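Have a look at the structure below before the remarks.
The values are calculated or read from the model by the stated rules, or taken from the named source; none is laboratory data. Being a predicted model, the structure only gives us computed values, none of them experimental. So basically every Cβ, Gly included, is an ideal-geometry build from the backbone, and we count neighbours across all protein chains shown.
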Amino acid sequence: MFVAEEPPARPRLLVLVGPTAVGKTKLSLSLAQHYEAEIISGDSMQVYRGMDIGTAKASSEELATVKHHLIDIHDPNEPFSVAEFQDRSVPLIRDIDGRGKLPFIVGGTGLYIESVCYNYQFSETGSDEAFRDEMQRIADLQGAEALHQRLREIDPESAQRLHPNDVRRVIRALEIFQLTGERMSEQLGRQKRTTPYRLCIVGLTMDRAILYKRIEERIDLMLEQGLVEEVSGLLERGVDTSALSMQGLGYKEMVAYLEGRLTLAEATNLLKKNTRHFAKRQLSWFRHMKDIEWVNVSEMADFSTQLHAVRGIIATKLNLDR
């Protein structure tokens with residue numbers, strides 16, 4: 001008699017998302033300890049070694065309390081892409097789940113996290129080095145905003161998602177259109193939003209004014225901790241200012257200060273403004289994702305209340321003890 005085998009259970013996957021400075025790190029550490037989880041960083045900048053302050057990386061003491069993955073895996077001159085994040089994360093999730101632990105993605109890079117949650121299929125569109133070089137010359141001669149304007153004209157949705165200073169990704173979006181005649185936003189829109197996981201996504205949000213105040217306080221603390229010195233050290237070690245890593249928030253602004261193009265006060269104010277805009281774009285991205293259970297932490301009296309609310313969501317979605 002033929003007996004059909006039961007299909008293997010889908011791996012569990014816990015995800016915590018939200019804008020910068022909303023409080024993901026503290027909450028994730030408590031959750032990971034409670035559920036015996038291993039954290040996979042869903043931040044496109046924390047992969048870089050020696051870039052700690054500007055990326056708000058967890059401290060060495062915090063990292064020691066819970067197993068973390070995809071932190072400090074690249075030198076700053078090396079690129080990191082959504083495809084690599086996906087390639088590394090998928091087997092990690094299977095491995096962690098297979099060892100009886102809970103895979104737990106934490107971060108704010110929306111496309112990276114969404115690509116894993118819903119198994120995006122990225123087509124091989126190839127590359128056009130001559131076109132890339134031409135676009136880079138435009139950025140160098142006319143400024144990043146001129147290049148971003150080109151993207152706004154052909155793909156306004158991608159232009160809204162990408163910051164003008166993210167020259168590498170802006171060029172890639174233009175290159176996709178050049179090679180295929182199709183917008184990057186159209187490629188993303190075709191992705192099927194089905195998940196191979198038993199998925200629980202928790203999103204943290206808070207009152208906008210409170211979030212912006214936290215962002216400004218965080219940047220002031222970064223400067224006290226030595227952000228300028230961190231960026232100066234990277235330049236002294238030969239990290240190219242055109243590297244993807246150096247386009248990150250905190251790095252490009254401090255490079256402008258160190259090169260004498262801005263005063264420290266101007267660079268700091270620009271960083272605060274850019275970070276506020278970044279947080280707004282993060283929230284916009286996540287609000288278009290499905291399956292997110294939102295928790296407004298500014299409406300809760302204290303951290304223990306936040307923790308209790310999130311555990312309640314996890315208990316319901318993943319059938320785990322509160």
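If you scan the range 111-161, which residues turn out to be among the aromatic types (Phe, Trp, Tyr), surrounded by fewer than 17 Cβ atoms within 10 Å (Cβ to Cβ) and within 28 Å of residue 288 (Cβ to Cβ)? Working first, answer last.
First pass over the range 111-161, keeping only residues among the aromatic types (Phe, Trp, Tyr): 112, 118, 120, 122, 131.
Next, from what is left, pick out any that are surrounded by fewer than 17 Cβ atoms within 10 Å (Cβ to Cβ): 122, 131.
Result: 122, single match.
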query: Any residue at all in the range 95-106 that is surrounded by fewer than 22 Cβ atoms within 10 Å (Cβ to Cβ), part of a strand (DSSP E or B) and over 14 Å from the mean Cα position of the chain (by Cα)?
result: no
message: Can you tell me which of (1) outside any helix (DSSP H, G or I); (2) out of contact with any strand residue (DSSP E or B) (no Cβ under 9 Å at 6 or more places or on another chain) is the one residue 320 doesn't meet?
response: (2)
Of the criteria (1) in a loop (DSSP other than H, G, I, E, B); (2) surrounded by fewer than 22 Cβ atoms within 10 Å (Cβ to Cβ); (3) at pLDDT 95 or above, which one residue 54 fails: (2)
message: Residues to consider are 24, 67; find the one that is assigned by TED's automatic domain parsing to the domain that holds residue 237, farther than 25 Å from residue 215 by Cβ and in contact (Cβ under 8 Å) with a residue 24 or more places away in the chain.
response: 67
message: What's the number of the only condition in (1) assigned to a loop (DSSP other than H, G, I, E, B); (2) of a type in the set (S, T, N, Q); (3) surrounded by fewer than 16 Cβ atoms within 10 Å (Cβ to Cβ) that residue 33 fails to meet?
response: (1)
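Touching a residue at least 60 places away in the same chain (Cβ under 8 Å) and closer than 22 Å to residue 242 by Cβ: does that describe residue 161?
Values: touching a residue at least 60 places away in the same chain (Cβ under 8 Å): yes; closer than 22 Å to residue 242 by Cβ: yes.
Yes.
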task: Could you check how many residues of the range 271-296 are within 27 Å of residue 220 (Cβ to Cβ), touching a strand residue (DSSP E or B) at 6+ places or on another chain (Cβ under 9 Å) and modelled with pLDDT of 95 or more?
output: 2
query: Considering only residues of the range 245-262 that are among the small types (Gly, Ala, Ser) and over 17 Å from residue 75 (Cβ atoms), which is surrounded by the most Cβ atoms within 10 Å (Cβ to Cβ)?
result: 250
Residue match in the range 11-28 (condition: surrounded by 23 or more Cβ atoms within 10 Å (Cβ to Cβ), of a type outside the set (D, E, K, R), part of a loop (DSSP other than H, G, I, E, B) and out of contact with any Ser or Thr (no Cβ under 9 Å at 6 or more places or on another chain)): no
